[in-house]
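Take a look at the structure below.
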Amino acid sequence: MSTLEDEISLRTGRAVKQQREARGFSLRELAARSGISSSMISDIERGAKSPTVITVVRLAEALGVGAALLVDGGPGAATRIRVLRRGEGKGGEHPARWQTLGPATQGSRIDFVRYEIPPSTVLGPTDGHAAGTVEHMHVATGTVRVTVGDETAELAAGDSCSCRTDVVHAIENPDPSAEALVYLIVERG
């Protein structure tokens with residue numbers, strides 16, 4: 001291999017190991033998720049083997065990161081500040097409009113989301129997240145009803161709450177005439 005190939009292989013291997021360990025995956029678990037043998041992953045992490053593009057993509061998908069992050073060498077090689085400009089956050093509808101507000105650093109366990117919940121709309125029920133997950137909610141406008149397991153809380157504009165959402169949960173806008181605007185920070189366990 002050339003010096004450049006060696007450098008890229010070592011950098012990619014370090015990034016794979018860093019991302020694997022950040023998620024608490026064993027070699028065997030990453031192998032099961034990616035379809036790449038644990039011995040091959042070990043060789044890649046040590047820089048003993050240079051992964052193919054397909055192998056990098058499969059590992060990246062299993063780790064929940066972009067392939068470029070692995071080739072670039074992980075978050076340590078990136079800038080320290082990541083900015084998400086207005087309108088750049090991914091979003092969608094389900095039936096509320098939502099938009100990711102914060103560009104979580106790769107490996108981060110935090111998501112920052114803005115929900116616009118139409119009148120008389122229920123979001124959920126949603127299956128429980130990983131053990132230890134906490135959702136911090138602030139109601140900017142409107143009213144919402146939050147149900148987590150068998151507990152329910154009514155929140156009005158200006159109210160906030162924190163919920164352990166490792167059980168079935170839902171958010172409802174019970175008002176038939178006004179949209180609710182909610183900011184949510186999801187702290188994954």
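All of the numbers you see were taken from the coordinates with simple rules; none came from a lab. Model, not experiment: these values are computed from the prediction.
Summary table
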{"item": "Long-range HN-HN contacts of H129 with modeled amide H, under 5 Å", "result": "D166, V167"}
{"item": "Cut-off under 5 Å, modelled amide H: who pairs with A157 long-range", "result": "G142"}
